[in-house]
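Report on one structure; see the data block that follows.
The values are calculated or read from the model by the stated rules, or taken from the named source; none is laboratory data. Note that the structure is a prediction, hence the values are computed from the model and not measured. Neighbour counts are summed over all protein chains in view; Cβ atoms, including those assigned to glycine, are modelled from backbone coordinates with ideal geometry. Keep in mind that these areas ignore ligands, DNA and RNA; they rest on the heavy atoms of the full protein, side chains included. Shrake-Rupley method; radii C 1.70, N 1.55, O 1.52, S 1.80 Å.
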Amino acid sequence: LDAPFPTPCTLATALTKYADLLNPPRKAALAALAAVATDPAEAARLIHLASTAGKQEYAAYIVDPARSLVEVLEAFPSAAPSLGLFFGAVSPRLAPRYYSISSSPKDNAGVVTATVAVVKGETPTGRMHE
């Protein structure tokens, strides 16, 4: 297996540059968390959310409010994955942040400008997204 990110790497760097912590977790991530949950009620809830039978509950609890992976980890404190499991099965790789080149070489051949958007607002779960 290839390394999930360049090494050596600090945990802080791995979490901030390579782990997608703010998007809703996929069902496979919930199943992985259920496997390590020490609280039987939390494990059962995670298993249900990850199952076909839990499709509506998954949509209502995870998808519709755009609940982040961080929020799910906070809601299920007994589901504490090892670092290997976290980076291998729970947290997807952070997607590249796209931008647009908005300059033109016809206007100024020596200058490149980029257009980006900064998103700031409250998510449906009350978390401040900045």
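Out of Leu22, Leu30, Leu85, one residue alone is part of a loop (DSSP other than H, G, I, E, B), among the hydrophobic types (A, V, I, L, M, F, W, C) and within 25 Å of Phe5 (Cα to Cα). It is Leu22. Screening Ala43 against (1) free of Cβ contacts under 8 Å to residues at least 60 places away in the same chain; (2) within 22 Å of Pro124 (Cα to Cα) leaves a single unmet condition, (2).
Looking at Ala66, Ala75, just one residue is under 17 Å from Gly126 (Cα atoms) and either modelled with pLDDT under 95 or in contact with a strand residue (DSSP E or B) (Cβ under 7 Å, 6 or more places away or on another chain) (or both), and that residue is Ala66. A residue that is more than 14 Å from Pro81 (Cα to Cα), touching a Gly at 6+ places or on another chain (Cβ under 9 Å), open to solvent by 70 Å² or more (accessible area, probe 1.4 Å) and modelled with pLDDT under 90 cannot be found anywhere in segment 3-26.
From the set of residues in segment 120-130 that are more than 14 Å from Asn23 (Cα to Cα) and either touching a Cys at 6+ places or on another chain (Cβ under 8 Å) or not in a strand (DSSP E or B) (or both), which is least open to solvent (accessible area, probe 1.4 Å)? Among those that are more than 14 Å from Asn23 (Cα to Cα) and either touching a Cys at 6+ places or on another chain (Cβ under 8 Å) or not in a strand (DSSP E or B) (or both), it is Gly126. Only one entry of Ala32, Ala75 meets the criterion of being of a type in the set (Gly, Ala, Ser) and without any contact (Cβ under 8 Å) to a residue 12 or more places away in the chain, and that entry is Ala75.
Does Pro92 meet the test of being at pLDDT below 80, of a type outside the set (Asp, Glu) and within 16 Å of the chain's Cα centre (by Cα)? No. From the list Ser68, Ser51, the lone residue that is among the hydroxyl-bearing types (Ser, Thr, Tyr) and over 20 Å from His129 (Cβ atoms) is Ser51.
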